[in-house]
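The values are calculated or read from the model by the stated rules, or taken from the named source; none is laboratory data. Bear in mind the structure is a predicted one, so any value in this text is a computation, not a measurement. We place every Cβ from the backbone using ideal geometry, glycine too, and count neighbours over all the protein chains shown. Quick note on the areas: whole protein, heavy atoms, side chains included, nothing else; ligands and nucleic acids left out. Shrake-Rupley method; radii C 1.70, N 1.55, O 1.52, S 1.80 Å.
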Amino acid sequence: MFGRLHHVAYRCRDAQRTVDFYTKVVGLKYVAGLMPPENSKPSWPLNEPGQPARKVVGEEADSIHIFFELGDGSYLAFFDVPGGGDDSSDPTPWWVKHIAFEVADMKTLTEGKKRLEAHGVQVLGPKDHGMCQSIYFMDPDGHRLEMTVRTEEADTWQQLAGDAQKELKRWNELKKRKYGPAPAGKDKIPAMPADSTIVPA
């Protein structure tokens, strides 16, 4: 059902710091910064067989979705969501962490949706993101998965890359205005958690 990896998405605390790290330190190309309108609530179509068209609406959350291109044409993506989340130990909104797999075409996406629903899996979408159309579902352990088909034009990523720095600047201004200055950075980025057990080799 999956063709190849399209992107993996996680949360970051500061988009600018993340862009600086993945471009200057790791050497990836920053190719897109996607910002919904300020104060918007994210939503996903819920089109189930035999049910009227509905949608799932998330909590109001300002965000930017940043993308870095990998060598095989897939992407590493992050959401900067300063106010999002709940009261759990992980305050990340439920829609942030996911793995997106690419499929060949809309027919494959539609067939995948039907197959999942035939097995009792609830599916959100398809949702049109402009550069792709996607469906969303969870595996039995609650990991959010996305199937996506590329719908971009030949120059879409070139245009996104041309706007990426402008969108990041716009995000930095909104975030500072609404949520205060960025947290102070650390001099060193550790390779493991601070509470790791370290023993003699």
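Tell me which residues, restricted to the stretch 1-22, are part of a strand (DSSP E or B) and open to solvent by less than 60 Å² (accessible area, probe 1.4 Å).
LEU5, HIS6, HIS7, VAL8, ALA9, CYS12
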Considering only residues that are open to solvent by less than 60 Å² (accessible area, probe 1.4 Å), under 26 Å from ARG4 (Cβ atoms) and at pLDDT below 90, which ones fall in the stretch 71-97?
THR92, TRP95, VAL96
(1) modelled with pLDDT of 90 or more; (2) more than 30 Å from MET106 (Cβ to Cβ) all hold for ILE189 apart from (1)
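So, in the stretch 24-65, how many residues would count as being of a type in the set (S, T, N, Q) and open to solvent by less than 40 Å² (accessible area, probe 1.4 Å)?
3
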Counting only residues in the stretch 38-85 that are among the small types (Gly, Ala, Ser) and in a strand (DSSP E or B), the one nearest to THR148 (Cα to Cα) is identified as ALA77
